[in-house]
Amino acid sequence: MLDYTFTEEQDLFREAVHEWLSKNLTLEQVRQNDTNHELPKKLIKGLGDLGLLCLTLPEEDGGSDADWVTATIGAEELGYADLSVATPVFYLVQASWGYVINKLASETVKEKYIRRAGTGNGFLGIGVTEPGGGSDVAGFKTNFMPHKDGGWNVNGEKCYISGTAEAVDVDGGYFVSGFTKREAGHRGMTAAFVPLNWEGVEITKRFENMGRMAISTGGFQMTDVHMPEEYQLGETNRGFYHTMEGFDAARVLVSASCIGASQRGLEIGSDYIKEGEAVG
Ligand SMILES: Cc1cc2nc3c(=O)[nH]c(=O)nc-3n(C[C@H](O)[C@H](O)[C@H](O)COP(=O)(O)OP(=O)(O)OC[C@H]3O[C@@H](n4cnc5c(N)ncnc54)[C@H](O)[C@@H]3O)c2cc1C
């Protein structure tokens with residue numbers, strides 16, 4: 001039979017994260033961050049110091065080597081603290097897509113981009129969605145064509161992408177997949193890590209969301225971007241499967257942060273009902 005009991009370590013982790021967040025990320029601060037459209041650097045550094053960023057990555061790559069139940073506890077507590085889910089999104093993208101990126105990355109990508117993300121001085125995001133649609137990964141327009149100097153020549157556009165402003169700020173990048181053999185359908189896609197500061201990558205816009213404004217949601221255009229071979233993630237034409245692996249990991253953490261946010265919403269709502277006076 002499956003045992004759903006948390007370990008003592010996991011209970012202690014939850015307590016430590018909960019306590020830190022109750023002091024360092026109050027509801028007033030969450031509102032302020034949302035109004036200012038900003039995740040304060042001090043907060044991100046604090047999450048890094050606590051070992052929360054890139055939690056699932058191995059320690060030698062800047063993570064905490066945490067198991068997935070522990071990562072889920074972190075997502076739930078962050079969702080509870082930050083009702084606008086700005087911080088949990090920042091956390092879960094790096095714990096899920098960051099995990100896949102790290103697993104497939106070359107030493108160059110690890111050294112230049114991954115190892116500093118765990119301290120808050122980097123960013124690992126997911127750039128799947130395109131202007132034509134997000135669900136239909138195999139219907140994307142992004143192409144990777146062989147480059148004359150080796151590697152790939154990348155053309156495509158991504159939109160509704162979390163954390164583009166934060167990524168630019170700390171010289172971070174994104175997991176992106178594109179077609180290397182379009183006629184093979186989903187079996188002709190390849191994954192890569194694309195830093196946003198590369199020549200040919202241009203931020204297109206910042207979207208206005210309803211809530212969740214502390215973390216940016218933007219888009220980027222890739223025009224004849226030369227991607228050296230060592231920025232490819234995994235094997236050629238396996239990109240669709242790597243993309244799906246990221247979704248599998250992210251879904252669990254998204255669900256956990258929603259549970260945390262719902263719990264907090266319920267508590268705030270029931271407190272308000274108890275204190276409220278009926279009109280009339
Ligand atoms: C605040 C915010 C942040 C985001 N951050 C990111 C991010 O960091 N990275 C990223 O890559 N994306 C991000 N997204 C995009 C999000 O993941 C997309 O909204 C998602 O991929 C769905 O794409 P879409 O909106 O184009 O919907 P569509 O793909 O057009 O789908 C619309 C609806 O149609 C359904 N549908 C689609 N195709 C079919 C079909 N063939 N048959 C039946 N039903 C179908 C879908 O299930 C869905 O219900 C973000 C979105 C928001 C709102």
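The values are calculated or read from the model by the stated rules, or taken from the named source; none is laboratory data. Keep in mind that this is a model prediction, so the values were computed, not measured. Reconstructed Cβ throughout: ideal geometry from the backbone, glycine too, with neighbour counts over all protein chains shown.
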Worksheet item: Do we have residue 215 as among the β-branched types (Val, Ile, Thr), part of a strand (DSSP E or B), surrounded by 23 or more Cβ atoms within 10 Å (Cβ to Cβ) and within 14 Å of the ligand (Cβ to nearest atom) here?
Response: no
Practice prompt. Test residue 50 against the criterion of being modelled with pLDDT under 95, surrounded by fewer than 22 Cβ atoms within 10 Å (Cβ to Cβ) and closer than 13 Å to residue 119 by Cβ, and give yes or no.
Written response: yes
Response to the item:
Flagged in the range 28-54 as touching a Leu at 6+ places or on another chain (Cβ under 7 Å) and farther than 20 Å from residue 71 by Cβ, in numbering order, are 30, 33
Worksheet entry | Scope the range 106-115; condition out of contact with any strand residue (DSSP E or B) (no Cβ under 7 Å at 6 or more places or on another chain), in a helix (DSSP H, G or I) and of a type outside the set (S, T, N, Q); matching residues | 107, 110, 111, 112
Item to complete: Collect the residues in the range 174-212 that are part of a strand (DSSP E or B), of a type in the set (S, T, N, Q) and farther than 30 Å from residue 30 by Cα, keeping them in residue-number order.
Response: 177, 190
Discussion item. Going residue by residue through the range 250-262, is there one that turns out to be within 24 Å of residue 146 (Cα to Cα), more than 12 Å from the ligand (Cβ to nearest atom), surrounded by 15 or more Cβ atoms within 10 Å (Cβ to Cβ) and more than 15 Å from the chain's Cα centre (by Cα)?
Written reply: no
Discussion item. Criterion first (outside any loop (DSSP other than H, G, I, E, B) and assigned by TED's automatic domain parsing to the domain that holds residue 142) does residue 235 satisfy it?
Written reply: no
Worksheet, complete the sentence: How many residues of the range 194-212 are in contact with a Ser or Thr (Cβ under 9 Å, 6 or more places away or on another chain) and closer than 19 Å to residue 109 by Cα? The answer is 3
Discussion item. Condition check: out of contact with any Phe, Trp or Tyr (no Cβ under 6 Å at 6 or more places or on another chain), acidic (Asp, Glu) and touching a residue at least 40 places away in the same chain (Cβ under 8 Å). Does residue 38 satisfy that?
Written reply: yes
Practice prompt. Find the strands (runs of 3 or more DSSP E) located wholly in the range 122-162 whose residues include 1 or more that are crowded, with 19+ Cβ neighbours inside 10 Å and near the ligand (Cβ under 9 Å from one of its atoms), and list them.
Written response: 124-126, 152-162
Worksheet item: Can you name the number of the only condition in (1) assigned to a strand (DSSP E or B); (2) surrounded by fewer than 17 Cβ atoms within 10 Å (Cβ to Cβ) that residue 171 fails?
Response: (1)
